[in-house]
Amino acid sequence: MFGTGKYRAALTGSLMAGLCLIGTAQAREIVPFADGMARGSIVVRTGERRLYLVNGDGTAIRYAVAVGKPGKQWSGATEIDGKYYQPDWSPPREVKRDKPWLPNLIRGGSPGNPMGVAAMTLRGGEYAIHGTNRPSSIGTFASYGCIRMYNHDIADLIERVSVGTQVYVVR
(Lines give C-alpha, C1' and ligand atoms only; values in the text may rest on other atoms or scores of the structure.)
Protein backbone atom coordinates (compact mmCIF):
# COMPACT_ATOMS: atom_id res chain seq x y z
CA MET A 1 0.00 0.00 0.00
CA PHE A 2 2.86 2.42 0.71
CA GLY A 3 6.02 3.35 -1.16
CA THR A 4 9.35 1.74 -0.59
CA GLY A 5 12.94 2.07 -1.71
CA LYS A 6 13.70 4.52 -4.48
CA TYR A 7 10.17 5.96 -4.43
CA ARG A 8 10.46 7.34 -0.91
CA ALA A 9 12.22 10.66 -0.46
CA ALA A 10 13.01 12.12 2.94
CA LEU A 11 11.74 15.58 3.74
CA THR A 12 14.50 17.47 5.43
CA GLY A 13 15.70 20.91 6.44
CA SER A 14 14.32 23.76 4.38
CA LEU A 15 11.81 21.57 2.52
CA MET A 16 10.26 20.51 5.83
CA ALA A 17 10.24 24.10 7.04
CA GLY A 18 8.62 25.21 3.80
CA LEU A 19 5.88 22.60 4.06
CA CYS A 20 4.98 23.91 7.48
CA LEU A 21 4.21 27.28 5.88
CA ILE A 22 2.18 25.98 2.94
CA GLY A 23 -1.58 25.70 2.97
CA THR A 24 -4.11 27.03 5.40
CA ALA A 25 -3.44 28.95 8.56
CA GLN A 26 -1.69 26.93 11.21
CA ALA A 27 -4.24 24.41 12.45
CA ARG A 28 -2.38 23.07 15.46
CA GLU A 29 -2.36 24.53 18.94
CA ILE A 30 -1.40 23.58 22.50
CA VAL A 31 -4.47 22.87 24.61
CA PRO A 32 -5.22 21.50 28.10
CA PHE A 33 -5.37 17.69 28.04
CA ALA A 34 -5.86 15.59 31.16
CA ASP A 35 -7.01 12.17 29.95
CA GLY A 36 -4.21 10.33 31.76
CA MET A 37 -2.51 9.12 28.56
CA ALA A 38 1.24 8.66 28.51
CA ARG A 39 3.51 11.38 27.15
CA GLY A 40 3.99 10.96 23.41
CA SER A 41 0.72 9.07 22.87
CA ILE A 42 -1.60 10.04 20.04
CA VAL A 43 -5.32 10.28 20.75
CA VAL A 44 -7.77 10.72 17.85
CA ARG A 45 -11.26 11.82 18.85
CA THR A 46 -13.36 11.05 15.78
CA GLY A 47 -16.43 12.95 17.02
CA GLU A 48 -14.33 16.10 17.38
CA ARG A 49 -12.30 15.44 14.22
CA ARG A 50 -9.16 16.23 16.22
CA LEU A 51 -5.88 14.45 16.89
CA TYR A 52 -3.97 15.09 20.12
CA LEU A 53 -0.27 14.48 20.72
CA VAL A 54 0.02 14.19 24.50
CA ASN A 55 2.78 16.34 26.03
CA GLY A 56 2.60 14.70 29.46
CA ASP A 57 2.32 17.97 31.37
CA GLY A 58 -1.45 18.32 31.25
CA THR A 59 -1.35 19.65 27.69
CA ALA A 60 -1.40 18.28 24.16
CA ILE A 61 -0.81 19.54 20.67
CA ARG A 62 -4.18 19.51 18.91
CA TYR A 63 -4.47 19.07 15.15
CA ALA A 64 -7.56 19.24 12.93
CA VAL A 65 -8.14 16.00 11.00
CA ALA A 66 -10.59 14.25 8.70
CA VAL A 67 -11.84 10.87 9.87
CA GLY A 68 -13.87 7.97 8.50
CA LYS A 69 -17.22 8.51 6.85
CA PRO A 70 -20.26 7.05 8.62
CA GLY A 71 -19.90 3.28 8.49
CA LYS A 72 -16.14 3.54 7.89
CA GLN A 73 -15.10 4.68 11.37
CA TRP A 74 -13.30 2.50 13.87
CA SER A 75 -11.99 2.81 17.38
CA GLY A 76 -9.36 1.07 19.43
CA ALA A 77 -5.69 1.04 20.36
CA THR A 78 -2.83 0.45 17.95
CA GLU A 79 0.63 1.79 17.27
CA ILE A 80 2.59 3.38 14.48
CA ASP A 81 4.41 0.66 12.57
CA GLY A 82 5.93 2.69 9.73
CA LYS A 83 6.82 6.24 8.73
CA TYR A 84 6.96 7.19 5.04
CA TYR A 85 7.74 10.37 3.12
CA GLN A 86 6.14 10.86 -0.30
CA PRO A 87 4.55 7.39 -0.12
CA ASP A 88 3.17 5.55 -3.12
CA TRP A 89 -0.50 4.58 -2.70
CA SER A 90 -2.48 1.57 -3.86
CA PRO A 91 -6.21 1.71 -3.19
CA PRO A 92 -7.35 -0.87 -0.62
CA ARG A 93 -9.81 -3.48 -1.90
CA GLU A 94 -12.89 -1.64 -0.56
CA VAL A 95 -11.85 1.66 -2.16
CA LYS A 96 -11.10 -0.05 -5.48
CA ARG A 97 -14.50 -1.79 -5.38
CA ASP A 98 -16.27 1.56 -4.87
CA LYS A 99 -14.05 3.45 -7.33
CA PRO A 100 -12.92 0.96 -9.99
CA TRP A 101 -11.55 3.73 -12.22
CA LEU A 102 -8.70 4.41 -9.79
CA PRO A 103 -5.28 3.20 -10.95
CA ASN A 104 -3.70 0.31 -9.04
CA LEU A 105 -0.78 2.54 -7.99
CA ILE A 106 -0.31 6.28 -7.60
CA ARG A 107 3.32 7.29 -7.13
CA GLY A 108 4.35 9.43 -4.18
CA GLY A 109 4.56 13.12 -4.97
CA SER A 110 1.84 12.92 -7.62
CA PRO A 111 -0.90 15.55 -7.18
CA GLY A 112 -3.46 12.72 -7.40
CA ASN A 113 -1.91 10.78 -4.50
CA PRO A 114 -4.32 10.95 -1.53
CA MET A 115 -1.52 10.29 1.00
CA GLY A 116 -0.09 13.79 0.74
CA VAL A 117 3.52 14.45 1.77
CA ALA A 118 3.84 11.76 4.45
CA ALA A 119 2.11 8.83 6.13
CA MET A 120 2.40 6.78 9.29
CA THR A 121 0.93 3.30 8.99
CA LEU A 122 -0.97 1.78 11.88
CA ARG A 123 -0.42 -1.79 13.02
CA GLY A 124 -3.19 -4.27 12.40
CA GLY A 125 -4.93 -2.97 9.32
CA GLU A 126 -4.94 -0.87 6.19
CA TYR A 127 -5.19 2.44 8.05
CA ALA A 128 -2.76 5.31 8.31
CA ILE A 129 -2.40 8.83 9.62
CA HIS A 130 -1.44 10.79 6.52
CA GLY A 131 -1.44 14.06 4.64
CA THR A 132 -3.95 14.79 1.91
CA ASN A 133 -4.38 16.12 -1.58
CA ARG A 134 -7.82 17.38 -0.48
CA PRO A 135 -7.20 19.92 2.31
CA SER A 136 -10.86 20.99 2.18
CA SER A 137 -11.74 17.57 3.68
CA ILE A 138 -10.00 18.36 6.98
CA GLY A 139 -12.58 18.74 9.74
CA THR A 140 -15.03 16.38 8.03
CA PHE A 141 -16.03 12.72 7.91
CA ALA A 142 -14.37 11.90 4.59
CA SER A 143 -12.15 8.82 4.56
CA TYR A 144 -12.45 5.05 4.49
CA GLY A 145 -11.03 4.95 8.02
CA CYS A 146 -7.69 6.70 7.71
CA ILE A 147 -6.89 9.86 9.64
CA ARG A 148 -6.14 12.74 7.24
CA MET A 149 -4.15 15.80 8.21
CA TYR A 150 -3.07 18.99 6.49
CA ASN A 151 0.26 18.32 4.78
CA HIS A 152 2.06 20.84 6.99
CA ASP A 153 0.60 19.16 10.10
CA ILE A 154 1.61 15.60 9.12
CA ALA A 155 5.08 16.97 8.32
CA ASP A 156 5.19 18.35 11.87
CA LEU A 157 3.71 15.29 13.60
CA ILE A 158 5.87 12.69 11.82
CA GLU A 159 8.98 14.42 13.16
CA ARG A 160 7.63 14.39 16.75
CA VAL A 161 6.77 10.68 17.01
CA SER A 162 8.49 7.38 16.32
CA VAL A 163 7.62 3.89 15.21
CA GLY A 164 5.99 2.22 18.22
CA THR A 165 4.09 5.34 19.34
CA GLN A 166 0.76 4.34 20.87
CA VAL A 167 -2.35 5.53 19.03
CA TYR A 168 -5.83 5.54 20.56
CA VAL A 169 -8.86 6.21 18.37
CA VAL A 170 -11.98 7.05 20.37
CA ARG A 171 -15.41 8.28 19.33
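The values are calculated or read from the model by the stated rules, or taken from the named source; none is laboratory data. What you see is a predicted model, and the numbers here were worked out from it, not measured in a lab. As a convention, Cβ positions derive from the backbone with ideal geometry for all residues, glycine included, and neighbour counts pool all protein chains shown.
Tabulated values for the structure
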| quantity | calculated |
| --- | --- |
| Odd one out for Arg39 among (1) of a type in the set (Lys, Arg); (2) free of Cβ contacts under 8 Å to residues at least 60 places away in the same chain; (3) outside any loop (DSSP other than H, G, I, E, B) | (3) |
| Residue within segment 62-72 that is more than 21 Å from Arg45 (Cβ to Cβ), touching a strand residue (DSSP E or B) at 6+ places or on another chain (Cβ under 8 Å) and not aromatic (Phe, Trp, Tyr) present | no |
| Any chance Gly164 is assigned to a loop (DSSP other than H, G, I, E, B) and either modelled with pLDDT of 95 or more or of a type in the set (Asp, Glu) (or both) | yes |
| Check on Thr59, hydroxyl-bearing (Ser, Thr, Tyr) and more than 16 Å from the chain's Cα centre (by Cα) | yes |
| Subset of segment 42-74 (residues that are touching a residue at least 60 places away in the same chain (Cβ under 8 Å) and not in a strand (DSSP E or B)) | Thr46, Gly47, Arg49, Lys69, Pro70, Lys72, Gln73, Trp74 |
| Test set (1) more than 13 Å from the chain's Cα centre (by Cα); (2) farther than 22 Å from Arg171 by Cα; (3) surrounded by 15 or more Cβ atoms within 10 Å (Cβ to Cβ) - Pro103 fails condition number | (3) |
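Yes or no, residue by residue, for (1) acidic (Asp, Glu); (2) within 21 Å of Ala64 (Cβ to Cβ); (3) in a helix (DSSP H, G or I); (4) modelled with pLDDT of 90 or more:
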site: Gly82; (1), (2), (3), (4): no, no, no, yes
site: Pro114; (1), (2), (3), (4): no, yes, no, yes
site: Ala119; (1), (2), (3), (4): no, yes, no, yes
site: Gly124; (1), (2), (3), (4): no, no, no, no
site: Thr132; (1), (2), (3), (4): no, yes, no, yes
site: Ala142; (1), (2), (3), (4): no, yes, no, yes
site: Arg148; (1), (2), (3), (4): no, yes, no, yes
site: Ala155; (1), (2), (3), (4): no, yes, yes, yes
